[in-house]
Structures are given as structure tokens and as C-alpha cells.
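**Q** Have a look at this one before I ask anything.
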Amino acid sequence: MDIFRKLGWFFKDQRNNYIRGVLDLLMTALLNMLPPFFIGYTVNLLVAHQLTISKLTGILLILVVDALLLYFFRYLWATHIWGGATILEKILRKRLYAHFMTMDEQFYHKYRTGDLMARATNDLNQVRNVAGSGILTFADSIIGGTVTIITMMIVVDWRLTLIAILPFPLLAVMSMQLGRKMHSAFGAQQDEFSTLNNKVQESLSGMKAIKTLGQEQADLADMTKQNRKLLTAYKRVEFVAALYDPFTSMIIVLAYVVTIIYGGWMVLHHVINIGQLVSFIAYISMLIWPMFAIGRLFNIIERGHASYDRVMEVLNEKTSILDDPSGLHAEPHGDLIIDIENFTYPDEADEQPALKNVHVTVKAGETLGLVGRVGAGKSTLMKLLLRQFDDYQGAITIAGTDIKHYALDSYLPALGYVPQENFLFSTTIRENIRFASPQISDEAVIAAAKKAALHDDILLLPKGYDTEVGEHGISLSGGQRQRLAIARALIIDPEVLILDDALSAVDARTETAILATLKAERANKTTIIAAHRISSVMQAENILVFDHGEVSERGTHHTLLKVEGWYADMYHRQQLEIKLEGGE
């Protein structure tokens, strides 16, 4: 029952709903006591040959009214209790989603997408069942069982009642023992469900690669293996759950045996009459649900308990990116100064620093170019600028203020970020471009598309700006997806525009046009371009060459060519490749 304590905050908030629901259950239980009583009363009238049409009509009329009242109160408790359970699910789902929005990159390295989806759907359903079926079953079994037993004592005989319920304590012992096993088994089942969810999500996302590389059978075999593990976990849960009903049935049979033997003896010795015995047997049948409900209750509770623990495990995760409560709410504007002494990824504490001794000043309106080998530190620097990691030695300032001292809702909207692998939403081109600001006019959308050299391509599409891009932009080419992402970043006119190899899929002519537009349009704002192609950074006022997390060369394009280091060597190689491709 620990889950009810953990959900105490919710039940306290929704106490009026649940109090009404429990009172409606009480009324339902009381009304349920009338039919068995009048059945016994009718039997006695029959035995005494006193049953008349008028008496039978009166009895039937009472039972009809009782049925209508039962219908009414059952509707009320269902509304209050199930309504409350839905509210709990809504609160937890909203809390989870809001939590996902605040978590850092480490969190998403620890929890995979399929796992998070399982917790936000399947686990929340189980928690909702605790607040719905759990409360209903708990209250109904306690209220219904108690009212029935008291009625049996008053209407029939207290001695017969006590003897009939003697086997019941065995049910509580059994439920406690099986409940522990259910908690463990269901937790393992949910873990396997998350693993399978991850597998399905990954396979569907990578279906093109799977088919291209001819790995359909291998992937199907892996899926079958994961599915088999989940099936084994399900069987374990159902095995434990299946033990409840046979044990409960055995207790019910014992109660009937005691009732028939002892109750028959009492009738023969005129302690009770035949009508009372009939009523008592009917009341015993009404105890079947409360007894089965106890087993079902422990099943629901342990499933919900395991799921709630999984949900709270995620909600209790803390982000390393802290929003300063007294942070500056002004939009950052001014010179960007990067002074990074040392930065190592949190999960690689014993490894070589990802960045070391990176110092550069970028005046407002200037362009900073970042080049270097794969894994040299370019993208890492951008992650620090985007505040995906804050635990570094040194400082990054804009207009003299450390970026950690800006409020996140003021700092992040001032950045425009375009990664190499951009994400597009399954909606129209128009809605994708103005995603960051849905109220922006169509004219502004077109202007942004023109700056990204995408407008002419859009006009060639069947529905123009209303063309659906498909999941992850599958209907567009790689270059079109990159330019759409650039347009999406440009439409908010960011103070700092960050392009992380965002021109890798466009041709040289389009690249030149986009860079020329950026140079002209962003005269007073900062642009940072990380690229593998030297042509993307040639016009930058300052270029940094990264090597193993450190700046090995710096300067303009022309000064770096004179140094004849890595930059000059890469530039000449790329120029030779262009000439060879042109010759072909």
C-alpha cells in the first residue's frame, strides 16, 4: 500500500472528488443489500403460503427503484473516481514532458527515446489504474465487504457470519506474499518493454540503412530475441497474477461449505428460518467480488507501484544546466569573448580534455570560422555556446556578461543553431520555417527562404510552401533540408548564428550565395561557422584551426595560407579535388 502514500499529494489535492466517489460507493453497497433480503422474505412468504399479488408487486416495485438508484450512484462514483484518475495521468504526463524540456544532453545519453516513451505512456497508464481501479477496488472491497458482513450479522445470525468468514484472513496473507513477487516481476517486465520500445524506434528510424545494407534478417532476428525476452517477462507476471484467483476460489468454497453445513444445522434446530439461510447464501455470493477484488487490488497496486517508481526515477533526475533565478532577462548583444581553460565531458573524466586553452574575441558583426579534423573540438565548443554543458573552467561572455548569468529564456532564443544533421517536423515547409515564431507573416517566411537560397526550389514543388516534408523531411533532398534549417534559424534574426557544418550538402554556387547573403544581412550580428570545407570559412574575419581540443592555428584565410600548416594543406587538397571534378 506504499503507493497510496507516495500519491498522497494527489489524493490530498483531489480529496473532494474521491470523498464523493467513496460516499457513492457506500450508497451502492447499502442498496445492494436489499435484493438478498427481499429474496429471503419472499421465500418465507412462499413457505408460509402468504405471498399475494399485492405483496409480490410491492416487492418488485422496491427492487425496480433499487435498481434505478444503483444505476444513478454507480454513474456518480465512476465519474468521480475515474475522472480523478484521468487528472493524475494528465498531471504526470505534463510534468514528464516539461521535465524532458529542461534536461541536458547527459540525460538523453542515459535514457534512450524508446525507454522515455514507455515511461510516458505504458507506465503512466499503470499509475492511472492505481488512482482509478485501485481506489475503486480498495474502497469497494472494504465498503462492500464490511456492509455485507454487518448486514449478515443483523439480518441472519452473527455466529453463522463469524464462522463463514473464518477462512478470509488466509486471503490477506496470500495477497501480501504474491504482491511482493508481482512488484519485482512487473518491474522486470516494464524494463523489457522499454528495451523493445528502443529497438522498434531505432529500427524504424534506420529502416533505409537496414535495407540498403541488406540486414533485414539480422535485424528481424534481433527483434525476435528482444520480443522473446519480453514474452518471458510477461509470462512471469501473468503466472504470479494467475495464482490469485484459484486461491480466492478455494476460500470461497470453504465459506460455502461452512455456510451450508452450519447454516443447515441452524435451520433444522430452528435457530434461523429457511428464508434467512437463502438470504445468507445470497450475501455470501456478494462477498465473492470483495474477495476477488483483494487479489486484483494487489495486482493493480504492485503494477502501479513499479511503474510509479520508474516515472519518478526520471523525474528525480537533475539537469546540470541551472537557470539563474536572478539571471539577466535582456537579450544578449555585443562582443563574444570565449575564454575556455579546460573542458572534459562528464562521462569521460579520466580522458583527455575535449577543449583546452581556447581564447578568442568575436566582435559583433564578425564571422568566426572553425575548422579541423573530425573530433577536434569544433562541435564541443558549440555545445558550450548553446549551454548544453556548463561545467568548464573559464568563461564565455557576451557584452561583458557571462552566458551563465543570462536567464535561459532570454539567452537561448537569441541563438540560431543549424546542425549538420538537422531535424524537420512532419508538417509543411511553411510551418517548419516559422517553427520558432508561428505568428510570423508569410512574407517573412519567403524572405528567410530566399536568404537560404531555397525559395526557387520551393516554387518547383507541387504545393509550394504548403508541401508536407514527411517524417524527418524525407521528401526533401539533403541540401534542401539543410537550407530549410538555415531559413528556420534566420527567420528569428538571431544575435548569434551558429552553423555546424550546415552547408556540407549544398553545391559550391549555392554555398557562395548563402554566405554572401549572411555577410550582407548580418552586419551587426555574430556568425560562427564550423565546416570541413574551407570555402565555407574563407570570408571569416577570424579562423580557428582545432587539433585535439586546442587551437593550433588562427588568423584570416590569407594569413593561414602563408603559415603553410594544416589549413593551407587542406585548402590546396580541396582545390585540387574541385579541379579534378571539373575535369571529369
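The values are calculated or read from the model by the stated rules, or taken from the named source; none is laboratory data. Predicted, not measured: the structure shown is a model, and the values here were computed from it. Neighbour counts are summed over all protein chains in view; Cβ atoms, including those assigned to glycine, are modelled from backbone coordinates with ideal geometry.
**Q** Residue under question is Ile403, and the condition is that it be in the same structural domain as Lys356 (by TED's automatic domain parsing), touching a residue at least 12 places away in the same chain (Cβ under 8 Å), within 28 Å of His557 (Cα to Cα) and surrounded by 14 or more Cβ atoms within 10 Å (Cβ to Cβ); does it hold?
**A** Considered against the rule, which asks whether it is in the same structural domain as Lys356 (by TED's automatic domain parsing), touching a residue at least 12 places away in the same chain (Cβ under 8 Å), within 28 Å of His557 (Cα to Cα) and surrounded by 14 or more Cβ atoms within 10 Å (Cβ to Cβ), Ile403 comes out as no.
**Q** Just the residues that are within 17 Å of Gln420 (Cβ to Cβ) and in contact with a strand residue (DSSP E or B) (Cβ under 6 Å, 6 or more places away or on another chain), please, taken from region 460-500.
**A** Result: Ala485, Ile486, Ala489, Leu497, Ile498, Leu499, Asp500.
**Q** Which pairs turn up if I take residues in region 454-472 that are closer than 8 Å to Ile429 by Cα and in contact (Cβ under 8 Å) with a residue 60 or more places away in the chain and look for partners that are of a type outside the set (S, T, N, Q) and loosely packed, with under 12 Cβ neighbours inside 10 Å with beta carbon separation below 9 Å, at least 6 apart in sequence or on another chain?
**A** Partner pairs satisfying both residue conditions: none exist.
**Q** OK, next. Would you check if Gly263 is small (Gly, Ala, Ser) and exposed (fewer than 15 other Cβ atoms within 10 Å of the Cβ)?
**A** no
**Q** Looking at region 500-547 only, could you name the residues that are in contact (Cβ under 8 Å) with a residue 40 or more places away in the chain and in a helix (DSSP H, G or I)?
**A** Of everything in region 500-547, those that are in contact (Cβ under 8 Å) with a residue 40 or more places away in the chain and in a helix (DSSP H, G or I) turn out to be Ala508, Thr510, Ala513, Ile514, Thr517, Leu518, Lys519, Glu521, Ile534, Ser536.
**Q** So which of Glu302, Glu341, Glu317 is within 30 Å of Glu495 (Cβ to Cβ) and touching a residue at least 40 places away in the same chain (Cβ under 8 Å)?
**A** Exactly one of Glu302, Glu341, Glu317 is within 30 Å of Glu495 (Cβ to Cβ) and touching a residue at least 40 places away in the same chain (Cβ under 8 Å), namely Glu341.
**Q** Follow-up question, since we're still on this one. Any residue at all in region 419-428 that's farther than 26 Å from Ala513 by Cβ, touching a strand residue (DSSP E or B) at 6+ places or on another chain (Cβ under 9 Å), surrounded by fewer than 16 Cβ atoms within 10 Å (Cβ to Cβ) and among the β-branched types (Val, Ile, Thr)?
**A** Scanning region 419-428, I find at least one residue that is farther than 26 Å from Ala513 by Cβ, touching a strand residue (DSSP E or B) at 6+ places or on another chain (Cβ under 9 Å), surrounded by fewer than 16 Cβ atoms within 10 Å (Cβ to Cβ) and among the β-branched types (Val, Ile, Thr), so the answer is yes.
**Q** Related question: List the residue pairs whose Cβ atoms are under 7 Å apart, where the first residue sits in region 137-157 and is within 16 Å of Leu25 (Cα to Cα), the second is assigned to a helix (DSSP H, G or I) and small (Gly, Ala, Ser), and the two are 6 or more positions apart or on different chains.
**A** Thr137/Ala293; Asp140/Ala293; Ser141/Ala293; Ile143/Ala29; Gly144/Ala29; Val147/Ala29
**Q** Just to be sure, is Leu7 of a type in the set (A, V, I, L, M, F, W, C), at pLDDT 85 or above and either surrounded by 13 or more Cβ atoms within 10 Å (Cβ to Cβ) or within 30 Å of Leu92 (Cβ to Cβ) (or both)?
**A** So Leu7 passes the test.
**Q** Which one of the conditions (1) more than 45 Å from the chain's Cα centre (by Cα); (2) surrounded by fewer than 16 Cβ atoms within 10 Å (Cβ to Cβ) does Asp547 fail to meet, given that it meets all the rest?
**A** Asp547 satisfies all of (1) more than 45 Å from the chain's Cα centre (by Cα); (2) surrounded by fewer than 16 Cβ atoms within 10 Å (Cβ to Cβ) except (1).
**Q** I'm checking my understanding of the structure. Among residues of region 105-137 that are in a helix (DSSP H, G or I) and basic (Lys, Arg), which one is surrounded by the fewest Cβ atoms within 10 Å (Cβ to Cβ)?
**A** Residue satisfying both the conditions and the ranking: Lys110.
**Q** Taking only pairs six or more apart or across chains, which ones have beta-carbon atoms under 7 Å, a first residue in region 253-277 that is farther than 18 Å from Trp158 by Cβ, and a second residue that is of a type outside the set (D, E, K, R) and at pLDDT below 80?
**A** Leu254/Pro167; Tyr256/Ile284
**Q** Here's something else I'd like to know. Could you please find all residues in region 94-127 being more than 28 Å from Leu297 (Cβ to Cβ) and among the acidic types (Asp, Glu)?
**A** Residues satisfying the conditions are Asp104, Glu105, Asp115.
**Q** Failed condition for Ala487, given (1) of a type in the set (Gly, Ala, Ser); (2) part of a helix (DSSP H, G or I); (3) closer than 27 Å to Ala354 by Cα; (4) in contact with a helix residue (DSSP H, G or I) (Cβ under 6 Å, 6 or more places away or on another chain), with all others met?
**A** Every listed condition holds for Ala487 apart from (3).
**Q** Tell me, which residue of region 206-251 that is modelled with pLDDT of 85 or more and of a type in the set (Ser, Thr, Tyr) is farthest from Met182 (Cα to Cα)?
**A** Within region 206-251, the match that is farthest from Met182 (Cα to Cα) is Thr224.
**Q** Take the residues in region 35-79 that are hydroxyl-bearing (Ser, Thr, Tyr) and farther than 24 Å from Val267 by Cβ; name whichever of them is surrounded by the most Cβ atoms within 10 Å (Cβ to Cβ).
**A** By that ranking, first place goes to Thr79.
Conditions tested, residue by residue: (1) in a helix (DSSP H, G or I); (2) charged (D, E, K, R); (3) assigned by TED's automatic domain parsing to the domain that holds Ala78; (4) farther than 13 Å from Gln276 by Cβ.
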position	(1), (2), (3), (4)
Asp24	yes, yes, yes, yes
Met27	yes, no, yes, yes
Leu30	yes, no, yes, yes
Pro36	yes, no, yes, no
Tyr41	yes, no, yes, no
Asn44	yes, no, yes, no
Leu51	no, no, yes, yes
Leu56	yes, no, yes, yes
Leu61	yes, no, yes, yes
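**Q** Give all pairs with beta carbons closer than 6 Å in which a residue from region 85-104 that is in a helix (DSSP H, G or I) meets a residue that is of a type in the set (S, T, N, Q); count only pairs at least 6 apart in sequence or on separate chains.
**A** Thr102/Thr319
This table checks each residue for (1) out of contact with any Asp or Glu (no Cβ under 9 Å at 6 or more places or on another chain); (2) small (Gly, Ala, Ser); (3) not assigned by TED's automatic domain parsing to the domain that holds Val173.
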site: Tyr283; (1), (2), (3): yes, no, no
site: Leu297; (1), (2), (3): yes, no, no
site: Ile301; (1), (2), (3): no, no, no
site: Pro353; (1), (2), (3): no, no, yes
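**Q** Another question, then. Tell me, please, whether a residue that is closer than 29 Å to Ala568 by Cβ and of a type outside the set (Lys, Arg) can be found in region 317-331.
**A** No: zero hits.
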